[in-house]
Every structure is written in structure tokens, then in C-alpha cells.
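In what follows, a structure is listed as C-alpha cells, so that the remarks can point back to it.
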């Protein structure tokens, strides 16, 4: 059932998370090196029990966790989410040996994980990935590149998706796998399809695996990986050979609503800052809030934020109850929440004026942070394609 309000326990937990983010996580985030994995921050997330909570939470609890942390420390939220995204395939499809080796280390904040799906020529059209897994005795050799991989090249292990066999979807690509940008009335280039993709757990010290950082607008740890005949065996497979794409999509279906929750948290932080600023800043003989143009803008910001929050909670509840429309609801939540956050943060900057663009101002930070969620884990255009496919069956 959709959740339209939180119970007292959930409300108190969210307040505690916001306080923890401000008191214990924000100082560690501020001391981090831009573009590098902040291991002290990851370690603190482990000591607080928040990383373990990711893997035993309902989808709704995961959304509450990400939304609350985002309001107090976006870097902490991002670090937590990346640990979850990189590790959840191990929880979902890993062997007992794989889980025993890595899950305690991740939950304690001692090991850093990464989700390696995207490639230089393959972003939104994930089913077209080209990283080759060439047979080699009892295993394979991975050859190719991955790009835009969060926590690369500093992660301790990678969930790597590679093509073990040629695959073709006879019914066409499934939701979330469509190419973006094809001209109307034309067919995209031939694509291998989602079949034949296998997920592997690849430790960072595996021979032939190298990487390099990529400098981004918002200084997150993101990089490229080069795989030169990296050896993997059946013991490294996550789930079934040739069924790795399902593992990837199941992981994304869980995390897409919580990307929306991250966006809602940023929007709420921007809205809170705007309410305080417009109530105390005077112009034209009175506080800004008395100007109708300002008050109406703030009202719009608040309305869109609340609508996004409800979409996110509804999608999470659909996931938790096993509803059949999870892909559509997840896509709607991710689409609307990330677009809303962009609007709300931009409006907040406008109402604050030049001070919001000064380096170190909370809104300057949010202005850089808010752009990426509209692209990663399925760009806005892909979410619309998923929604339309689900509507038309």
C-alpha cells in the first residue's frame, strides 16, 4: 500500500539520521580529497551501522535513509549509495563464499565496492555492452573498457558485467535497455541484446585490471577501468552464466526509487535554506517572503518536493510488496524527483542571489551535486521510455 505519512518511529529515525549527518559525517566529508574515495567517511558509515542497514532494509527504509542523509551531507549519502549499488549484486546473487568474503568488510566500511556496467560507448543502452569474456579453460578472460564507474579506480572489488556469449532479444530490448537519440523512423545500429551477459565479482588486485580517475563537475570518485585479459573463473560468477543482465536490472529497480529519495533530500535542503533566507532577508522595505513573486516561487518549490517524495515512497512500497508495476513506478519516481530537485535547487540559488554561488555555500555545493542524478542509473529520457513501454504493455 502507498505510504502517505510516516509513523513516529520512522519520523524519529529520520531526525536522528539528519543529526548524525550534520554532526559526525559532515566534518569527515569536508576533510576529504576531491575526486578520491573518502575512506574515513566510509568507515564512519560502517561504525554507525548504516552500511549494514542498506542490505537489510526495505526499499522504503532505504529511501528514508538516503533522503535523510542527503539533507545533512550529500557526500555521505553518495558514499553509502555507491557501497550499496556495488555490493547488492553480491547480496542478490553471490555464493556463500563470496558473501562471507566481502559483505562483512563492506558493512564495516573497510572495503569499497563498485558497480561496473557502463562503457565508453554504452551508457543508457546497457544491453549493448561490449566487454568480452573470452573462454579460457575453466573460466574466461575479460577484455575491454568500463567508464563512468563510481569509486573507480580505488574500489577493492568490482561487480563487472561482461558478454560471455552473443545474445539477442527476439522480442526486442526490454525496459531500461533502449538506445537514446535515434532519429524518428530509423532503426538503431545492431545491438547484441541482454542475453549472454554475465556478472562477475572481480577483486581490484586481479592481474590485467587497471584504471584511471575522471575529473567531474562535482568532485566524486569516478573513473575508467581497462581490462586486459583479466582472468575470472566460475567461482567469480554472480548468479548464473548468461543471466547477469537480470542481476543488473534487479539491482537498479531497487536503487532507482532511492536515487529519487536522494534528490528529494537535496530539494528539501534547498527549500529549508530558502525558507530561512526569505524570512530574514529584507528588500524593498520588508522581508523577501512578503513579495508575492517570491512567496509563489517558494510555494511551487514546496509542492513539487512533496509530490516527488510521495512518488518515491509509493515506488518503494510497490517494490516491498512485490507489485507488478515496479519498473514503471521506479522510473516515475526517479524521473520526477531528479527533475524536481534540479528545479528546486536552481530556484533556491536564484532567490539567494550571488551569495549562493560563492564557493563553500551550501547551495553552491548542491548546485553541482544535483545535476548528475538526472543522468546516472538511467537518464531522464530513458525513464520516459521505460514508463511508455510499461503503459503500452
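Gap in Å between the Cα centre of segment 99-137 and the Cα centre of segment 323-355? Between the Cα centre of segment 323-355 and that of segment 99-137, the gap is 28 Å.
Per Stokes-Einstein, at 10 °C and 1.306 mPa s, what whole-number D in µm² s⁻¹ belongs to segment 248-320, with the Kirkwood radius over Cα pairs as the hydrodynamic radius?
On the way: Rh = 13.9 Å.
Diffusion coefficient, whole number: 114 µm²/s.
With respect to the chain, whose longest principal axis is taken over its alpha-carbon atoms, helix 292-320 is tilted by about 30°. If both residues of a DSSP beta bridge must be in the chain, then about 85% of such bridges are antiparallel.
Hey, what D do you get for segment 294-393 in µm²/s if you plug the Kirkwood alpha-carbon radius into Stokes-Einstein at 37 °C and 0.692 mPa s?
Numbers: Rh = 14.7 Å.
Rounded to a whole number, D works out at 223 µm²/s.
For the peptides 352-365, 54-67, the ranking by mean Cβ contacts within 10 Å, running from highest to lowest, is 54-67, 352-365.
Give the shape of segment 189-259 as rounded, prolate or oblate, defined through the alpha-carbon gyration tensor: a ≥ b ≥ c are the square roots of its eigenvalues, a/c under 1.5 means rounded, and otherwise the shape is prolate if a/b is larger than b/c and oblate if not. Judged from the Cα gyration tensor, segment 189-259 comes out oblate (a/c at least 1.5, b/c at or above a/b). Helix 96-107 and the long axis of the chain differ in direction by around 20°, with both axes built from C-alpha atoms.
Shape class of segment 57-102 from the alpha-carbon gyration tensor: prolate, with a/c at 1.5 or above and a/b greater than b/c.
Given a cut-off of 40 Å, what percent of all Cα-Cα pairs of the chain lie beyond it? Please list the in-between numbers first.
Details: 11493 of 77028 pairs.
Of all Cα-Cα distances in the chain, 15 percent exceed 40 Å.
Just so you know, the Cα atoms of segment 8-107 work out to an Rg and Dmax of 13.6, 39 Å. Quick check: Cα centre of segment 261-292 to Cα centre of segment 52-89, how many Å? Using only Cα atoms to place each centre, the spacing works out to 27 Å.
No value in this document is a laboratory result; all are computed from the given coordinates. The model shown is predicted, which means the values in this text are computed figures rather than measured ones. Every residue, glycine among them, receives a Cβ derived from its backbone with ideal geometry; neighbour counts consider all protein chains shown.
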